[in-house]
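Working notes for the structure below.
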Amino acid sequence: MNITIPGTCPILCFGGPYSSLQATEAIRREAQRLDIPPDRVICTGDIVAYCANPNETVDLIREWGCHVIKGNCEEQLAQRAGDCGCGFGEGTVCDLLSNSWYAFADRSVRDDVRAWMAELPTTLTFDIAGRRARVIHGGVRVNSRFIFASTPAAEKVSELNAAGADLVIAGHCGIPFVQHVGERVWFNPGVIGMPANDGSADGWYGLIEGTCDNGGLRFSLTRLGYDSFGAATALRQSGHANGYAEALLTGRWPSLDVLPDKERAATGHRLAAERLLLT
Ligand SMILES: [Fe+2]
């Protein structure tokens, strides 16, 4: 789906509300504080996942009216599939954990929420400062593909080629990063509903700013502090807490199965805010 972003800059991007009403309320407040209207806010999907309030989180996103694409979680829930679609190996920690939270999400979401998920686009494209931007969840061809900062550049080149874009705005992997890929840019603004495995409870979001009429763009990654204690408490009360309620407080993921060596080794190391300039 092609969209028009009015006024173009700044654009606020975030992913992974993950059924966290507390984090979603916080990112909406942040957009309001920055005076960014919903038609310049982009969510990269996975509105429903680990946390306690799937319907309330969807309701808040819908009422807000920001741009949203379908994450693998929306894709699977819309189809009444049996799992989250991440393709975790049977019996792995990720597999066991996802069996718990996904089952809770699947039995919790209302029919109208499921119908709304089914209608979400899987990708958005728009033009900014003379460049073509494409919003995806995981990969261009595979929605649940994990692409991290350490994923080889050749794989990102292949994805950017498939995207037909100068700029990809992606989600899914859960850890924010921004990189030049040759002349192009891969921008993953991170997720708000779960920490970045860096030992801090904060979520993350991204901004695209710049003087758009001269072609310069600035990408930044910023922490989102929110009521993580409230989110953890709600998750425990929901009865499917497994390791994620703890992760909301410690900032460390309960399973590192999906992480490449580099990201795994960075567990508990506080991420720095990043900026990247594209001229
Ligand atoms: Fe995802």
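The values are calculated or read from the model by the stated rules, or taken from the named source; none is laboratory data. Quick caveat, the model's predicted, so the values are computed rather than measured. Neighbour counts run over all protein chains shown; Cβ positions are idealised from the backbone, glycine included. Side chains included, ligands, DNA and RNA excluded: accessible areas come from the protein's heavy atoms. Shrake-Rupley method; radii C 1.70, N 1.55, O 1.52, S 1.80 Å.
For (1) open to solvent by 80 Å² or more (accessible area, probe 1.4 Å); (2) modelled with pLDDT of 95 or more, each residue gets a yes or a no:
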residue: Ala247; (1), (2): no, yes
residue: Arg252; (1), (2): yes, yes
residue: Ser255; (1), (2): no, no
residue: Glu263; (1), (2): no, yes
residue: Gly268; (1), (2): no, yes
residue: Leu276; (1), (2): no, no
residue: Thr279; (1), (2): yes, no
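State all residues of the stretch 213-245 that are without any contact (Cβ under 8 Å) to a residue 40 or more places away in the chain and in contact with an Asp or Glu (Cβ under 8 Å, 6 or more places away or on another chain); if no residue qualifies, say none. Passing the criteria: only Ala232.
Going by what's in this entry, would Asp127 be described as open to solvent by 30 Å² or more (accessible area, probe 1.4 Å), out of contact with any Leu (no Cβ under 7 Å at 6 or more places or on another chain) and either modelled with pLDDT under 95 or within 14 Å of the ligand (Cβ to nearest atom) (or both)? Here the answer is yes, as Asp127 does meet what is asked. Scoring Thr151 on the criteria (1) within 30 Å of Arg270 (Cα to Cα); (2) of a type in the set (Ser, Thr, Tyr); (3) within 14 Å of the ligand (Cβ to nearest atom) leaves a single failure, condition (3).
Against the list (1) within 16 Å of the ligand (Cβ to nearest atom); (2) touching a strand residue (DSSP E or B) at 6+ places or on another chain (Cβ under 7 Å), the condition Cys66 fails is (1).
Filtering the stretch 60-95 to residues that are within 20 Å of Gly139 (Cβ to Cβ), without any contact (Cβ under 8 Å) to a residue 40 or more places away in the chain and open to solvent by 60 Å² or more (accessible area, probe 1.4 Å) leaves Gln79, Asp83. Contact annotation: residue pairs with Cβ atoms under 7 Å, 6 or more positions apart or on different chains, pairing a residue in the stretch 33-56 that is away from the ligand (no atom under 16 Å from the Cβ) and open to solvent by less than 30 Å² (accessible area, probe 1.4 Å) with a partner that is in a loop (DSSP other than H, G, I, E, B) and of a type in the set (A, V, I, L, M), are Asn55/Val109. State whether the residues of the stretch 144-153 include one that is without any contact (Cβ under 8 Å) to a residue 60 or more places away in the chain and in a helix (DSSP H, G or I). Yes, the stretch 144-153 contains at least one residue that is without any contact (Cβ under 8 Å) to a residue 60 or more places away in the chain and in a helix (DSSP H, G or I). Of all residues in the stretch 174-188, those that are of a type in the set (Gly, Ala, Ser) have Cβ atoms under 7 Å from Cβ atoms of residues that are assigned to a strand (DSSP E or B), 6 or more apart or on another chain, in Gly174/Val191. Here's a check for you: in the stretch 103-119, which residue that is crowded, with 17+ Cβ neighbours inside 10 Å and without any contact (Cβ under 8 Å) to a residue 40 or more places away in the chain is nearest to the ligand (Cβ to nearest atom)? Of everything passing the filter in the stretch 103-119, Asp106 is nearest to the ligand (Cβ to nearest atom). Restricting the search to helices (runs of 4 or more DSSP H) fully inside the stretch 13-104 and requiring at least 1 residues that are touching a Lys or Arg at 6+ places or on another chain (Cβ under 6 Å) gives 54-64, 72-78.
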